[in-house]
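The block underneath contains the structure these notes are about, expressed in structure tokens.
The values are calculated or read from the model by the stated rules, or taken from the named source; none is laboratory data. If you're wondering where the values come from, they're calculated on a predicted model, not measured in any experiment. Glycine gets a Cβ as well: all are built from the backbone with ideal geometry, and neighbour counts include every protein chain shown.
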Amino acid sequence: MKRILALAFLSLYLFSTTEFHELLKLPAMAEHYDEHKKEKPEISVWQFLCIHYAHGDVNDHDHDKDMKLPFKTHDNCSSPNFISLIPEHKFTIEKQALFVTAKNTPNYYKEVLTTHSYNSIWQPPKIS
């Protein structure tokens, strides 16, 4: 029961908020390909896809059928446009030379720290 419910919610989400519902138009695409195949028997599937998707929207005699193909129109998709909510900022770059003077800060770590000063820490305790 959980699996059926999960698949139902997943399909509801995919079909309502994404362009997944365009796959339901695949039978119309096969039917339109058959129409082109009857007109030109030598047309391949690749040529059919190139005609309808690679060369933009061609306004020919079957334009209304072309627009019923999958991924030709973007309707029924509820994706919010968050980009318009970002405030617009204008940046200006000024040409200024930035000179930083070095400060003479005392260096307290001039001597190299050697391990012989730390060896006594890691020795086991001794009884005196």
Item to complete: Evaluate the range 31-47: report whether one residue or more is of a type in the set (Val, Ile, Thr) and either in contact with a strand residue (DSSP E or B) (Cβ under 7 Å, 6 or more places away or on another chain) or under 21 Å from residue 68 (Cβ atoms) (or both).
Response: yes
Worksheet item: Any residue at all in the range 52-65 that is closer than 30 Å to residue 12 by Cα, at pLDDT below 90, basic (Lys, Arg) and part of a loop (DSSP other than H, G, I, E, B)?
Response: no
Worksheet entry | Output for the range 1-47, where each listed residue is touching a Lys or Arg at 6+ places or on another chain (Cβ under 8 Å) and assigned to a helix (DSSP H, G or I) | 25, 28, 32, 35
Discussion item. Which pairs turn up if I take residues in the range 28-53 that are of a type in the set (Gly, Ala, Ser) and look for partners that are not in a helix (DSSP H, G or I) with beta carbon separation below 6 Å, at least 6 apart in sequence or on another chain?
Written reply: 28/68
